[in-house]
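Derivation of every value follows stated rules applied to the coordinates shown; laboratory data play no part. The model shown is predicted, which means the values in this text are computed figures rather than measured ones. Ideal geometry is used to build each Cβ from the backbone, glycine not excepted, and the neighbour counts take in all protein chains shown.
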Amino acid sequence: MEQTEYKVRVEHLTKYFGDLHVLDDISFNIRKGEFLCVVGPTGCGKTTFLNLLTRIIAPTSGELYIDGIPADPKKHNLAFVFQEPSAMPWLTVEKNLRFGLEIKKIPKDEADRRVEEILKLLGLGDFRNFYPHQLSVSTAQRIIIGRAFIMHPDLLLMDEPYGQMDIKLRFYLEDEVIKLWKELKSTVVFITHNIEEAVYLADRVLILTNKPASIKEEVIIDLPRPRDVVDSKFIAYRKYITDQIKWW
């Protein structure tokens, strides 16, 4: 397969912090528009893995390529959503969404179009002039999701963005993300410790080992969308992935 058919190639990614060996020789590819979930035991280095992909920290060795060239935040449009709520409290919903577009100097006509598109897709139109503190937790988190997707990123990285939420809110926000992903054809890497969430969201799941983390296995989730969590095939995938993590 031609290298350029992949949106992202990760080659021999390795990370030490001093003597602590966190990630060990991780290599994988991501197709353009793929939704990839990464799971693994607690403390296995999932967040370090994501930080290497965002280039927040540099690998000890190995490389990340986007569209066939080394990933560089100055050249590539990387967006991330972290677990902690991070809407800017002094800005309205609409201005939160515009913030990154203005920094990137996106022309006003295009910025206006994207803002209206995201407000509509996420059902935030009625809240456009509200401030984050006036909103429910799930509505405030929709701002963060919208702010990431609105950048039309080369790669969108999500680190357990629903870790603090109850199950009803999680399912609601997972559906919002799938809707945006399908509409905008983004490439997403989503870190989670919740196996059900991974099976619900992913085209493919990467299972990491304990530290030093490497890829134990990849599982292609061959299920139609929207997914049914009580379907026997869904339950079988969930059980299989759980068992792969449990017996180390």
key: Under 30 Å from the Cα of LYS104 - lysines, other chains or at least 8 residues apart   = LYS7, LYS32, LYS46, LYS74, LYS75, LYS95, LYS120, LYS179, LYS182, LYS185
Charge dipole (debye, nearest 20) of the range 87-151; +1 at Cβ of Lys and Arg, -1 at Cβ of Asp and Glu = 160
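Could you tell me what a quarter of the Cα convex hull surface of the chain works out to, in nm² with one decimal place? Intermediate values should be presented prior to the final figure.
Working: hull surface 56.1 nm².
For the chain, averaging the hull's shadow over all directions gives 14.0 nm².
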task = Return the single residue from PHE234, PHE80, PHE49 with maximal mean-square fluctuation; model: Gaussian network over the chain, springs between Cα atoms under 10 Å.
result = PHE234
task = Express the relative contact order of the range 52-159 as a whole percentage, based on alpha carbon pairs under 8 Å and six or more residues apart in sequence.
result = 42
inquiry  = At 222 nm, what value in deg cm²/dmol follows for the chain if DSSP H runs of at least 4 each add -39500 (n - 2.57) and the sum is divided by all its residues, to the nearest 500?
reply    = -11000 deg cm²/dmol
inquiry  = Give me the three principal axis extents of the range 154-228 from the C-alpha atoms, as integers in angstrom, largest value leading.
reply    = 35, 27, 27
note = Scoring the chain by relative contact order with C-alpha pairs under 8 Å, at least six apart, yields a percentage of 27
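Restricting to Cα pairs below 8 Å that are 6+ residues apart, what does the relative contact order work out to for the range 1-125? Please round to a whole percent.
About 23 percent, as a whole number.
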inquiry  = Loop only by DSSP, 11 or fewer other Cβ within 10 Å of the Cβ. Give me the trypsin sites (Lys or Arg not before Pro) in the range 181-223 that pass, ordered by residue number.
reply    = LYS185
remark   = In whole percents, the bins of 10 Å from zero upward hold the Cα-Cα pairs of the range 87-151 as 24, 60, 16, 0
note = Among trypsin sites (Lys or Arg not before Pro) in the range 36-103, those in a DSSP loop whose Cβ has at most 13 other Cβ atoms within 10 Å are LYS74, LYS75
